[in-house]
Amino acid sequence: MISIMKKLALIATLLVSPALLASGGGGKNLDSVYLNLSDKGSLRRGAHTFVNYCLSCHAASYMRYERMAQDLEIDAQTLRENLMFAAEKPGELMTVNMAPEDAKRWFGVVPPDLSLTARSRGADWIYTYLRSFYWDESSPTGWNNALFPNVAMPHVLYQWQGMREAHFDESHGAVKITGFEQIAPGEMGEAAYDSAIRDLTNFMVYLAEPAKLVRYRIGFWVMIFMLLFVGLTYALKKEYWRDIH
Ligand code: HEC
């Protein structure tokens, strides 16, 4: 009896631990974000931000424009006019035009490929990171980041968010950021900016695992099939039992 209990406990642990590992990120001061991968509008807005503001430095070289357009239901004309700045043909991968040597010279590091970042860092991390930039005159780019101190990336969306300064608490030895103060307004208010970053994070989660959308689609039809099947089985059961009663 005890050994069965032990086995069950072991199985339960094995089942649960990958889920815990996958959630990752350590949870340190991260803002959690609610994402909806079946919201195609959100994914399209995120894609628009991504190709306009991120693809100039970062590649997403596992993704083809064509596949993105198909998955997110973007027509060929919109794709060509609004989303394809760094490529000639829809079949091309989402690579970056900047030469790695130039990037290294300008930023000190080569901006990493963002294809899998949503998996390595987690959605909450990305959502928090893109909302944690602040103005810092001592940094080479003029920007710093509360989640990623001394980051080499400038705040590329500062026109949307505006400029913020950080407030520090240095009373306990370690310097701690206690809050931000808006010093110049952006084009967006806080809620609109958060919402734009939510869409962008949503897109990056899709980017890291495009097959998820396919799985959702299949899952939907599997549910429909199960419902029909249950109905059919029930009808059959009634048919069989009719003669017996
Ligand atoms: C001007 C060039 C540039 C642009 C544009 C840019 N980044 Fe970056 N980004 C960088 C650099 C450089 C780093 C590496 C930072 C470091 O290691 O200090 C980086 C790092 C990152 C990281 C951290 C990756 C990791 O796992 O460490 C994320 C996430 C990221 N960028 C997202 C974005 C997104 C989203 C956009 C578009 C809104 C964007 N970046 C636009 C230069 C850029």
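The values are calculated or read from the model by the stated rules, or taken from the named source; none is laboratory data. All figures in this text were calculated on a predicted structure; none of them were measured in a lab. When we count neighbours, we look across all protein chains shown, and the Cβ atoms used for this are built from the backbone with ideal geometry, even at glycine. Just the protein is used for accessible areas: all its heavy atoms, side chains included, with ligands, DNA and RNA removed. Shrake-Rupley method; radii C 1.70, N 1.55, O 1.52, S 1.80 Å.
Inspect the stretch 53-67 for any residue being within 14 Å of the ligand (Cβ to nearest atom), over 13 Å from the mean Cα position of the chain (by Cα), hydroxyl-bearing (Ser, Thr, Tyr) and on the phi < 0 side of the Ramachandran plot and give the result as yes or no. Yes, there is a match, as at least one residue in the stretch 53-67 is within 14 Å of the ligand (Cβ to nearest atom), over 13 Å from the mean Cα position of the chain (by Cα), hydroxyl-bearing (Ser, Thr, Tyr) and on the phi < 0 side of the Ramachandran plot. Quick check on Ser38: is it surrounded by 15 or more Cβ atoms within 10 Å (Cβ to Cβ) and either closer than 20 Å to Arg198 by Cα or out of contact with any Leu (no Cβ under 6 Å at 6 or more places or on another chain) (or both)? Spelling it out, it is not the case that Ser38 is surrounded by 15 or more Cβ atoms within 10 Å (Cβ to Cβ) and either closer than 20 Å to Arg198 by Cα or out of contact with any Leu (no Cβ under 6 Å at 6 or more places or on another chain) (or both). Among the residues making up the stretch 71-91, those that are more than 15 Å from His48 (Cα to Cα) and open to solvent by 60 Å² or more (accessible area, probe 1.4 Å) are Glu88, Lys89.
Each residue in the stretch 45-65 was checked for being open to solvent by 60 Å² or more (accessible area, probe 1.4 Å) and within 17 Å of Lys212 (Cα to Cα), and 2 pass. Remark: pairs (first residue in the stretch 144-155, in contact (Cβ under 8 Å) with a residue 24 or more places away in the chain; second residue open to solvent by 40 Å² or more (accessible area, probe 1.4 Å) and within 7 Å of the ligand (Cβ to nearest atom); Cβ separation under 6 Å; 6+ apart in sequence or on different chains) = Ala152/Phe107; Ala152/Val109. Does Ser42 satisfy the condition of being within 23 Å of Gln161 (Cα to Cα) and modelled with pLDDT of 95 or more? Yes; evaluated as a whole, the condition is true for this residue. Taken over the stretch 59-106, residues that are β-branched (Val, Ile, Thr) and under 23 Å from Ser42 (Cβ atoms) amount to 2.
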